[in-house]
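J.: I have a structure here, written as structure tokens, and I will follow up with some questions on it.
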Amino acid sequence: MKKGSTVEKISLAVAVIIGMNAMVGGGVVTLPALLSSKAGPAGILSCVIAVITVLFVGLALGRVASLYPGKGWTYVYPAKWGGHLLGIISASAYLLGVFGGVGFIVQQAGFWAHRIFPFLDPIILSIIILAIIAILVMAGTEASSIAQYVIAACVVIPLVSTSIVCLFKLKPSFLTDINLFMPEGLGSIFAAAPAIIFCLLGFESIMSLYGVVRDPKKNVPRACVLSIICVGLLYVLFSSGILLSIPREHFSGGVQHTLSYVLLQEFPNLKFLSTFILIGAMFGIIGTLHSMVWSVSALFTDVLKKAKSKVVINMLEKKIWTNKVSVVVTSFSLLTMALFLHGETLVYLTVLFMIIPNILSIMLLLFRKEDWKSGKNIKTVLALAGCLIVVYFSAEHIIGSIMKFFS
């Protein structure tokens, strides 16, 4: 950089859009199936609880970022109070969580593509899609900024349109009959919350914008809160439209039955809805995979470097471990997860692992005596409480799945 040159800073509005793009991806189209199976129409309340929880977490992370700006937050913040080992545990947990999340999207890619190519098995389609994306990433093909906005529009517009149409088909009994509204009981509302948090994951990426946003001390927390509110409202609208108009039994196939298929079964005279949501889903899935395969492989290499293993350092120095090798290993790992783990289990594993670095990072605020005196740590405690509730229900689901597998 030449002397006297300045780096152009991005505005609050752009930061909010970046945060929204990070959250709205291929996972949202599976949201109704996850909510319906866990809580029924009461899943709408799960949405509200999850959004409030993530808001508190976002506020706490935003404060940490303003106090301790820097890159690699999943390692840096926990390491500040717990040392190198805790930093590695945190970064590794985040990496495993991201692997699980993207593995789920790979799995969904096959199911949704099967709607377009019914003569091919979903597993084969998952392999083909991931292989194509991996090749594009290794070739250095990147989506332009305009393309990213187009992808976002192609995801959001079908979601909003479908939500509005479904709300006009609302079944009043789903709200007035408590047995229909909350078929699994009060606890199911909290049990379903991790599914929403899975769809909101990505909000933490705003922390990495601290060095490029104008007036970051104010705008990073603001961008985090505004993006969570915008996406949260979209999810509440979307889940309300679907859950209050479509009977729960239509989602008995779980995440393997795509929303496009369910819409066609419930509204055969509105075929455009099924097509519309199919287009939005494929844009969301492909866009998410394209951006995440490279990101995950880079994160993988970064964690290996931070581990300071002699074997890893030697591989890096001799250029045995290159970016392309990282992409191949990452793609193989993602495919393995997609093929051998159940969809819902992947969702809850993702949330469990990705919430750990959030907890460990937020805990840094607990060591600030001035925050206790001023009362600022009330929000921190609420964020941690929300995270621990999410950990409990995620772990409960995973343990239940394991016991069911071996029974």
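J.: Of everything in region 279-303 that's of a type in the set (Gly, Ala, Ser) and surrounded by fewer than 22 Cβ atoms within 10 Å (Cβ to Cβ), which residue is farthest from Val29 (Cα to Cα)?
T.: It comes out as Ala298.
J.: Okay, moving on. Out of region 171-217, which residues are modelled with pLDDT of 90 or more, of a type in the set (A, V, I, L, M, F, W, C) and not in a helix (DSSP H, G or I)?
T.: The answer is Met182, and nothing else.
J.: A follow-up question, please. Given the structure, is Lys306 surrounded by fewer than 14 Cβ atoms within 10 Å (Cβ to Cβ) and either of a type in the set (Phe, Trp, Tyr) or more than 21 Å from the chain's Cα centre (by Cα) (or both)?
T.: For Lys306, the condition - surrounded by fewer than 14 Cβ atoms within 10 Å (Cβ to Cβ) and either of a type in the set (Phe, Trp, Tyr) or more than 21 Å from the chain's Cα centre (by Cα) (or both) - is not met.
J.: Can you list residue pairs whose Cβ atoms sit under 7 Å apart, with the first residue in region 273-290 being farther than 16 Å from Met20 by Cα and charged (D, E, K, R) and the second being surrounded by fewer than 24 Cβ atoms within 10 Å (Cβ to Cβ) and modelled with pLDDT of 85 or more? Count only pairs 6 or more apart in sequence or on different chains.
T.: none
J.: Of the numbered conditions (1) under 25 Å from His342 (Cβ atoms); (2) at pLDDT below 80, Leu35 fails exactly one; give the number of that condition.
T.: (2)
J.: Scanning for something under 26 Å from Asn269 (Cα atoms) and in contact with an Asp or Glu (Cβ under 8 Å, 6 or more places away or on another chain), does region 114-128 turn up at least one residue?
T.: yes
J.: Still on this structure: Evaluate region 142-165: report whether one residue or more is touching a Pro at 6+ places or on another chain (Cβ under 6 Å) and modelled with pLDDT of 85 or more.
T.: no
J.: Does region 333-387 hold any residues that are part of a helix (DSSP H, G or I) and charged (D, E, K, R), and which are they?
T.: Glu344, Lys369, Glu370, Asp371, Lys373, Lys379
J.: Return the residues of region 213-255 that are aromatic (Phe, Trp, Tyr) and in contact with a His (Cβ under 9 Å, 6 or more places away or on another chain); say none if nothing qualifies.
T.: The one that is aromatic (Phe, Trp, Tyr) and in contact with a His (Cβ under 9 Å, 6 or more places away or on another chain): Phe251.
J.: Report yes if some residue within region 247-262 is of a type in the set (A, V, I, L, M, F, W, C) and surrounded by fewer than 19 Cβ atoms within 10 Å (Cβ to Cβ); otherwise report no.
T.: no
Yes/no matrix, rows are residues, columns are (1) part of a helix (DSSP H, G or I); (2) at pLDDT below 80:
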residue	(1), (2)
Ser245	no, no
Pro268	no, no
Phe272	yes, no
Ala281	yes, no
Gly287	yes, yes
Ile313	yes, yes
Trp321	no, yes
Ser331	yes, no
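J.: Tell me, yes or no, whether region 369-377 has at least one residue that is modelled with pLDDT under 90, aromatic (Phe, Trp, Tyr) and over 23 Å from Ser252 (Cβ atoms).
T.: yes
J.: Would you please name the residue that is surrounded by the most Cβ atoms within 10 Å (Cβ to Cβ), looking only at residues in region 173-197 that are in contact with a Leu (Cβ under 8 Å, 6 or more places away or on another chain) and among the hydrophobic types (A, V, I, L, M, F, W, C)?
T.: So, considering only residues that are in contact with a Leu (Cβ under 8 Å, 6 or more places away or on another chain) and among the hydrophobic types (A, V, I, L, M, F, W, C), the one surrounded by the most Cβ atoms within 10 Å (Cβ to Cβ) is Ala195.
J.: Any chance region 391-403 includes a residue that's over 29 Å from Pro122 (Cβ atoms) and modelled with pLDDT of 85 or more?
T.: Checked region 391-403: at least one residue is over 29 Å from Pro122 (Cβ atoms) and modelled with pLDDT of 85 or more.
J.: Continuing with the same structure: Condition test on Ser291, is it part of a helix (DSSP H, G or I), of a type in the set (Ser, Thr, Tyr) and modelled with pLDDT under 75?
T.: When the stated conditions are applied, Ser291 passes them.
J.: Identify, from the list Leu346, Leu365, the residue that is in contact with a Phe, Trp or Tyr (Cβ under 8 Å, 6 or more places away or on another chain) and not hydroxyl-bearing (Ser, Thr, Tyr).
T.: Just one listed residue meets the conditions, Leu346.
Here is a yes/no grid of residues against (1) at pLDDT below 85; (2) surrounded by 19 or more Cβ atoms within 10 Å (Cβ to Cβ); (3) acidic (Asp, Glu):
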residue	(1), (2), (3)
Ser46	no, yes, no
Val54	no, yes, no
Gly87	no, yes, no
Gly101	yes, yes, no
Gln107	no, yes, no
Phe119	no, no, no
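J.: Quick check on region 231-241. Is at least one of its residues of a type in the set (Ser, Thr, Tyr), crowded, with 23+ Cβ neighbours inside 10 Å and in contact with a helix residue (DSSP H, G or I) (Cβ under 6 Å, 6 or more places away or on another chain)?
T.: So far as region 231-241 goes, yes, one or more of its residues are of a type in the set (Ser, Thr, Tyr), crowded, with 23+ Cβ neighbours inside 10 Å and in contact with a helix residue (DSSP H, G or I) (Cβ under 6 Å, 6 or more places away or on another chain).
J.: OK, next. Tell me, which residue of region 352-398 that is farther than 25 Å from Ala192 by Cβ and among the polar types (S, T, N, Q) is nearest to the chain's Cα centre (by Cα)?
T.: Ser361
The values are calculated or read from the model by the stated rules, or taken from the named source; none is laboratory data. All values reported here derive from a predicted model rather than from experimental measurement. When we count neighbours, we look across all protein chains shown, and the Cβ atoms used for this are built from the backbone with ideal geometry, even at glycine.
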